[in-house]
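Some notes on the structure that comes next.
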Amino acid sequence: MTATKVSIVVPTYSPGQGLDRVVASLDGQTMSADEFEVIFVDDGSPDDTHDRLLTLATSHPNYVVRRIENSGWPSRPRNIGLDLAQGDYVLFMDHDDYLYPDALRSAHAFAVEQRADVLSAKETRTSDWFAYEGVFLADIPGDAPKKPAVWGPWTTHKLFRREFLLEHGIRFQEGRRALFEDVLVGISAYVHSDRLAVLASEPFYQWVHSPGANYSGTYGRDVGEYLRSIGRIMDHAEIEAAGTPFAGWVRGYQYRLRILGQLLGPGMLSRTQEERVQLVADVAAFIDEYTPPELDSGLNEVLAARANLVRRRDVEGLVALAQADRGIKPVPVATGVEWDKDGSLSVEVEVRWQDHSGGPLRLRRDGDRLLRTFPAGAPSLPDDLIDVTDIVPRATAHLTVADRDKTGWPTISAPSETTLEDAEEGQVTPVTRFTAVINRGGSELGRPLGPGPWNIACRASLGGYGGHREVEFGEVAQVRGQGTTVCTVHATAKGHLVMALDGFAASVLSAGEVEPKGAVLIGERDAAVLRVPVTGAGFGGSAALAATAFFRTRDGGGPGVRRDGRLMVADGQAYLELPTKLPRGRYAVRVQVRGRQEVVDVGVDVIVHRLDRVSLARSSAESASRSPLRKAIAPVAAKLTGVVAVGRRRS
């Protein structure tokens, strides 16, 4: 009998279609099904969830199904699942999330190799393509010194050695509402683990954002409940790690992230004035008890201002600050892109900062100093919390990339420089510029960047403000041929920069467009080749890509003719080359390429005359208007005049 390597515990409560996603990802695992078990514990779902699970179990011998009376929270189902588990390692999975295909095999193999008590493997989020970008930077062995930063995210979507959990009595706090129960388990596991490993080079778990389907979506509505839960986290850390730097780290992290960052940010503007007054009173009482003033040392400028005001119970000051802070975000724009000869991509980026109005973030000059501006009136703050003179030069920005499955986001670092530009009289706005080189060899990721599209984003920070946003791009696409494939960089339909690696002819036609006006015939008679340029992009390198031509007779008298052609990238240009050895007649020309189902109407007709003479003519309006890809073909084709004959009479 095969030993169980991994037990996957899935608490369920009316998951809807999310359950199908879980099951599909489990069915797609590269690890053999007899090497892992899935324990579903249904928390008294009022719908048909339990029946669905029983049906699934009939066709999945490795599934275990239990049903309990509703407990109100995933904690009790997880604890029951842990009691039932038989695997060497345990993974706690939510009822609507997704495991990458090689997740169990690669994570288990690395955990065993590192003799890990806990393995934190690469996690992604559908709500943020670049979440955790600063966490999973490299694989970390189990014998490396523990650092809290490498644990994140503080979820339990990790591999835990089962005997380790049992030995230390690590279980989930139960209750009708047990906020941050996963954080409490994480703290205990971090403190007691001797070997904590990180797998960053392989994708593991995707946290799917399903509005209304996750308990975490209800956090923060009741401020008192939320603060009590944060207090439990801090108390738990003190009990588990009393007197250690880790206990202090947890206290400071929760203070920055959840108290100053979440409760006292622009979100407080959505509350009524009465609610704001109560919020500030509750938070002030909490920080008086849990967060001494020395924790304010080292806060960034934005959080330091909030801390100053809440400690003084200054409600109106916090509201004015929230109005100034809301909507501030970086807007990165690629001002230049270029493929290098070695296949790397150079990207010039300009990052401008925008306020809630959509205009530039404004700073006020006061002599040789720079001061913050406040649209609703300045709160009562010390001068050092309004003066940003020394902050602007410390602004940072770098690129990240992620493929469409979010399997990687190497950090592309580059020196940046921030300058000031005039905005209005006496006011300026900061602009950060840098050039980054994306190495497709993947030195930042630890492995080469794979084929397909990679979205390019920029993480930028300015004195406590920050954001991670996709880079905007409004220039022409750039294509580089590399033998039998091409690499392209272009804008998406939303105007965001994307890099596509190892593409084929479809990539070229997506970056540019067929230009029928430039169509010519090369050669004579039955050796003539139709050459149609592709324009609208910059081309470099060289490539020969397969393309299939379909010649359809205009009179409808025959089935048409298929010929193998090619799309060429060479000498700074791109063009279709299509052989025209055809029976006598007039033909509409369409092309189909690998990677695209639709055919492209090239906008010209080929006419084969007596004695194999060949000529071109404009397409009929009917033919041109039917092209599903190039709406501009019809008016362009209409500009073609007459019939251009080539070739000589056969001697």
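The values are calculated or read from the model by the stated rules, or taken from the named source; none is laboratory data. Every value quoted in this text rests on a predicted model; they were computed, and no experiment measured them. All Cβ positions, glycine included, derive from the backbone under ideal geometry; neighbour counts span all protein chains shown. What goes into the accessible areas is simple: the full protein's heavy atoms, side chains included, and nothing from ligands, DNA or RNA. Shrake-Rupley method; radii C 1.70, N 1.55, O 1.52, S 1.80 Å.
Restricting to strands (runs of 3 or more DSSP E) lying wholly in the stretch 518-600: which have 3 or more residues that are among the β-branched types (V, I, T) and either surrounded by 15 or more Cβ atoms within 10 Å (Cβ to Cβ) or in contact with a Cys (Cβ under 7 Å, 6 or more places away or on another chain) (or both)?
529-535, 585-593
Give the stretch 156-178 a look and list any residue that's under 22 Å from T244 (Cα atoms) and surrounded by 14 or more Cβ atoms within 10 Å (Cβ to Cβ), or say none.
Within the stretch 156-178, F164, L165, H168, I170 qualify.
With a cut-off of at least 1 residues that are open to solvent by less than 20 Å² (accessible area, probe 1.4 Å) and closer than 24 Å to E181 by Cα, name the strands (runs of 3 or more DSSP E) lying wholly within the stretch 1-99.
Fully inside the stretch 1-99 and qualifying: 6-12, 36-42, 89-92.
Out of the residues in the stretch 110-155 that are part of a helix (DSSP H, G or I) and among the aromatic types (F, W, Y), which is surrounded by the most Cβ atoms within 10 Å (Cβ to Cβ)?
Among those residues, the one meeting the criterion is F110.
Among (1) hydrophobic (A, V, I, L, M, F, W, C); (2) within 16 Å of the chain's Cα centre (by Cα); (3) in a loop (DSSP other than H, G, I, E, B), where does V498 come up short?
(3)
Quick check on this structure: which one of S297, S210 is polar (S, T, N, Q) and open to solvent by 70 Å² or more (accessible area, probe 1.4 Å)?
Just one listed residue meets the conditions, S297.
Return yes when T411 is open to solvent by 20 Å² or more (accessible area, probe 1.4 Å) and touching a His at 6+ places or on another chain (Cβ under 7 Å) and no when it is not.
yes
Scanning for something farther than 18 Å from T396 by Cα, assigned to a loop (DSSP other than H, G, I, E, B) and in contact with a helix residue (DSSP H, G or I) (Cβ under 6 Å, 6 or more places away or on another chain), does the stretch 319-340 turn up at least one residue?
yes
When you go through (1) under 28 Å from the mean Cα position of the chain (by Cα); (2) open to solvent by 20 Å² or more (accessible area, probe 1.4 Å) one by one for E316, which number turns out not to apply?
(1)
Is there a residue being within 26 Å of I456 (Cβ to Cβ) and surrounded by fewer than 20 Cβ atoms within 10 Å (Cβ to Cβ) anywhere in the stretch 366-385?
No, the conditions are met nowhere in the stretch 366-385.
May I ask you to list pairs of residues, at least six apart or on different chains, whose Cβ atoms are under 7 Å apart, with the first in the stretch 287-303 being among the hydrophobic types (A, V, I, L, M, F, W, C) and the second being assigned to a helix (DSSP H, G or I) and open to solvent by 50 Å² or more (accessible area, probe 1.4 Å)?
I287/R311; L299/R256; L303/R256
Which of the residues that make up the stretch 167-185 are farther than 23 Å from G224 by Cα and without any contact (Cβ under 8 Å) to a residue 40 or more places away in the chain?
E167, H168, G169, I170
So in the stretch 546-563, with the set limited to residues that are out of contact with any Pro (no Cβ under 9 Å at 6 or more places or on another chain) and at pLDDT 90 or above, which one is farthest from Y587 (Cα to Cα)?
Ranking the qualifying residues of the stretch 546-563, first place goes to A546.
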